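Below: one structure, written as structure tokens.
Here, each number is a calculation from the coordinates, and none is a lab measurement. All of these numbers come straight from a predicted model, not from anything done at the bench. Please note: Cβ atoms are built from the backbone with ideal geometry, for glycine as well, and neighbour counts cover all protein chains shown.
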Amino acid sequence: MAEQLLSTAPRHDTLPQNYIRPESQRPRLSEVVTDTNIPIIDLSSPNKSLIISQIANACEKYGLFQVVNHGITEEMLRKVMGIGKEFFRLPPEEKAKLYSDDPAKKMRLSTSFNVRKETVHNWRDYLRLHCYPLEEFVPDWPSKPELFKEIMSTYCTQVRQLGFRLFGYISEGLGLETDYIENVLGEQEQHLAVNYYPQCPEPELTYGLPAHTDPNALTILLQDQQVSGLQVLKEGKWIAVDPVPWALTINMGDQLQATVNIALLKTADRACLQQDCSTTESALFAFIVVIQSDKRGMLLFFRTILCCIMGKLYYKPIDGLFCCSLFSKKPFILSLVRRCFIQFLDLWCDKV
């Protein structure tokens, strides 16, 4: 069903009916505000303590920040942006070879989010690639454009290094050992998503991606340099995150929040659309779904799940937003049992 791809279809003059959101779920673009105080952190500063404090402050107040002088060259980022756009310009027959609507596939080209189950679609195509370990997944990556594998594998390696560097800063900002988060998460999966948002005839009626929180540990996002599509929710208002030249946007995910006992602010974000241009975003996510080689990481992840169950922490859909909610009233016995379970698991983990 590759003909569903927006990057293959003719340009639309009006928005197709299956993309139109109910009025209560529309983005209300006129209400989006600009916040010039979104943290921009220079990672080249010789003052490490300043970097740590800036990241800690950004995590506490925004759950999101941008980094410059991050160690990935502008030349590399231009190549990544260019090869991503080149991929979506491939002929339809080439893209048809990669298309799948199976969300379980680790390498797929698809559209929207889950076209098998959705009633309203999102205005985007995306290429999703698993990329750790590289030697396991790169052979199955697209062979066209010609330099795709070389450029994207280099980018994935560099972004992974940056991710672990940021884990260290976040750990120290919380008063923990530098390698605390890395050790707790264990060996992590990693995937790359290249999102393509074509010209939208009626952007006020739909989304590129609706409001959500990221289920992973850390998201590192390279935005299109010409278009502001990313928005974050802060104090009930949607704020546009304008691209800073060749900066990377860092977003805290659910797993990182759980790892440090919900000491960080986790923000919701969404991708809105423009009528007169298209955007390409390439994002890397560090996953901890499979932590087979790290027994302590598995136990601590199990502890987090039990905390969620015993504390009745659950995901509740609110206007398209999946957010963590905690029941305000718990029976005394349930609360006591929960504390005993957590204490037991902490002692168990410390012995591993």
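Structure values in brief
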{"item": "Placed amide H near Ile41: partners under 5 Å, 5+ positions off or other chain", "result": "Gln66, Val67, Val68"}
{"item": "In order through the stretch 163-176: 3J(HN,Hα) via Karplus (6.51 cos²θ - 1.76 cosθ + 1.60), integer Hz, x for Gly, Pro", "result": "x, 5, 5, 5, 4, x, 5, 5, 4, 5, x, 8, x, 9"}
{"item": "Qualifying GluC sites (Glu not before Pro) in the stretch 83-138, DSSP loop, other Cβ atoms within 10 Å at most 15", "result": "Glu118"}
{"item": "Where labels lie 7 Å past Cα in the beta-carbon direction, separation of Ser24 and Gln161 in nm", "result": "5.0 nm"}
{"item": "Computed E for Arg11/Lys48 - FRET, C-beta separation, R0 51 angstrom, nearest 0.05", "result": "0.55"}
{"item": "Cα-projected label distance for Lys117 with Thr154, points at 7 Å along beta-carbon direction, nm", "result": "3.9 nm"}
{"item": "Full-extension gain in nm, Ala96 to Gln199, via 0.36 nm per residue minus C-alpha separation", "result": "35.0 nm"}
{"item": "Most to least packed among 229-235, 73-79 [average Cβ atoms within 10 Å]", "result": "229-235, 73-79"}
{"item": "Other-chain or far-sequence residues with amide H under 5 Å of Phe113's (modelled H)", "result": "Asn122"}
